[in-house]
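Just so it is clear, none of the values below were taken in a lab; they were calculated from the coordinates. Note that the coordinates shown come from a computational prediction; the quantities given were computed from them, not determined experimentally. Methodologically, a virtual Cβ is constructed for each residue, glycine included, from the backbone with ideal geometry; neighbour enumeration extends over all protein chains shown.
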Amino acid sequence: MSAGELKFDRELFLAEYWQRKPLLIRNAITGFQTPLPADELAGLALEDAIESRIIECRDDEWRLCHGPFEPEDFERDHPWTLLVQAVDHYIPAVAELRQLVSFLPQWRVDDVMVSYAADGGSVGPHYDNYDVFLLQGEGVRRWQLGQRCDANSPLIAHDELRILQQFECREEHVLGPGDILYVPPGLAHWGVAQGECTTFSIGFRAPRINDLVSRWADRVLEQLDPELFYTDSAIEAAPRAGEIRPQDLARVRAQLRAALERESSDDWFGAMVTEPRYSCEPLPAELDEARALLAGGASRVLLSTAARVAWQDTPEGILVFCNGEGLACAASVKPSLITLCEQWRLEGDELSEGLAREDTASMLDYLLENGGIHVE
Ligand code: SIN
Ligand code: CO
């Protein structure tokens with residue numbers, strides 16, 4: 001699977017731009033054609049199960065409504081934008097855009113959001129906490145890049161939208177089909193459609209350190225012996241009644257650090273970063289059917305476009321994560337798993353040889369059960 005190669009210097013990008021500076025890549029994809037026309041995007045926004053929004057600015061007032069929409073919702077008198085989340089989960093040609101960023105860890109990619117804007121449509125000046133590659137689909141959009149922002153940057157009063165009160169334009173680029181603008185986290189940006197246009201946002205995710213600490217601590221607590229107590233042998237006499245001394249706190253911290261290091265395994269991280277945003281477990285009947293096909297000579301196994309799959313080496317073998325679950329496997333499953341993660345499919349001899357080995361067959365069954373693959 002491939003949407004082509006990004007025409008740019010990856011090493012330079014990683015060293016100087018990723019997470020730091022915006023980068024405009026003109027004509028980024030050879031022979032670019034939009035993977036999804038605007039009318040098909042509108043069709044997705046009519047569906048209950050798909051997350052969509054319309055943002056409109058009327059007389060300086062920003063309005064937001066949530067989908068699913070009716071066709072009449074797309075007839076509007078003011079500039080407006082339709083945004084559809086996770087379009088890569090439903091449209092394979094849009095999922096292929098994720099291959100453009102395959103030089104970055106897959107678990108960092110979130111989804112591909114697609115927007116359609118009428119002439120003058122915009123979601124307002126804002127910043128995101130995540131990196132995004134903005135690929136222009138059809139039509140033209142003028143992007144302005146502004147100041148660095150953070151949680152203290154003043155926003156206009158709105159219950160749901162996070163639009164900046166101030167925007168200081170530092171750069172401006174007019175993007176046409178196939179151009180890409182990379183925007184790092186925290187950088188103000190403002191895209192306004194010049195005529196009708198579509199934009200594909202390949203968005204990344206980064207776990208909040210808050211959440212990492214919480215998950216890590218949960219895992220440590222599962223493993224920690226509840227009968228282990230704070231110790232202070234060889235303690236110094238306490239001359240001042242009531243005092244908690246710096247040396248007491250240092251001892252507590254040292255014992256905490258030792259417990260965290262001793263007890264923590266890293267198996268929680270992959271489970272956390274592969275948690276799906278939308279549930280993707282197969283129905284029992286689908287699972288039975290797929291299992292029968294897998295046992296009876298499937299012609300190929302395809303990675304589900306909505307699947308979040310990752311793996312890591314361990315001293316005993318590897319851990320395979322799929323949609324928030326983890327499984328310990330023998331290292332021998334690695335070649336098949338890497339092919340699946342890279343090519344998004346497993347077929348021919350590689351599939352039949354894999355299925356003939358118990359370890360790979362049970363890994364595939366696990367991926368199937370957790371909505372990571374489907375079988376043809
Ligand atoms: C858009 O596609 O209109 C908005 C994308 C973004 O600013 O992140
Ligand atoms: Co943005």
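Side notes on the structure shown:
- For region 3-204, the dipole from Cβ point charges (+1 on Lys and Arg, -1 on Asp and Glu) about the Cα centre works out to 940 debye, to the nearest 20.
- Where only DSSP H runs of four or more residues are counted, the chain gives -7500 deg cm²/dmol as its mean residue ellipticity at 222 nm, each run worth -39500 (n - 2.57).
- Couplings 3J(HN,Hα) of region 87-101, computed from phi: 5, 4, 6, 10, 10, x, 5, 7, 4, 4, 4, 5, 5, 4, 10 Hz, in residue order, whole Hz [Karplus 6.51 cos²θ - 1.76 cosθ + 1.60, θ = phi - 60°; x for Gly and Pro].
- Euclidean distance between Cα centres, region 1-75 to region 223-281, Å: 43
- Each residue in Cys149, Cys169, Cys341, Cys57 was given a count of other beta-carbon atoms within 10 angstrom of its own, and listing them fewest first yields Cys169, Cys341, Cys57, Cys149.
- If only the Cβ of Lys and Arg carry +1 and only the Cβ of Asp and Glu carry -1, the dipole of the chain around its Cα centre is close to 1440 debye.
- Take the Kirkwood radius over Cα pairs of region 302-355, plug it into Stokes-Einstein at 25 °C and 0.890 mPa s, and you get 211 µm²/s for translational diffusion.
- Here the residues Val114, Val273, Val301, ranked from fewest to most Cβ neighbours within 10 Å of their Cβ, fall in the order Val273, Val301, Val114.
- For the chain, complete DSSP H runs whose alpha carbons reach 24 Å or more along their own long axis and whose mean Kyte-Doolittle score is -1.0 or higher are 246-263.
- By the Cα gyration tensor, the chain has an equivalent ellipsoid whose semi-axes, rounded to whole angstrom, run 40, 33, 19 from largest to smallest.
- Here the Gaussian network model covers the chain, with springs between Cα atoms less than 10 Å apart; of Arg308, Arg291, Arg253, Arg253 fluctuates the most.
- Rg/Rh for region 3-204, where both radii come from Cα atoms and Rh is the Kirkwood radius: 0.94
- Region 3-204, relative contact order in percent, only Cα pairs under 8 angstrom and at least six apart counted: 28
- Using a Gaussian network model of the chain in which every pair of alpha carbons under 10 angstrom is joined by a spring, one finds that among Val309, Val213, Val192 the greatest mean-square fluctuation is at Val213.
- Shape descriptor for region 270-375: Rg over Rh equals 0.93 (Cα atoms; Rh from the Kirkwood inverse mean 1/r).
- GluC sites (Glu not before Pro) within region 97-199: DSSP coil, no more than 13 neighbouring Cβ in 10 Å: Glu160, Glu168
- Each residue in Met113, Met272 was given a count of other beta-carbon atoms within 10 angstrom of its own, and listing them fewest first yields Met272, Met113.
- Over the chain, relative contact order from alpha-carbon pairs under 8 Å, at least 6 apart, %: 15
- Nonlocal amide H pairs with Ser265, under 5 Å, H built at 1.01 Å: none
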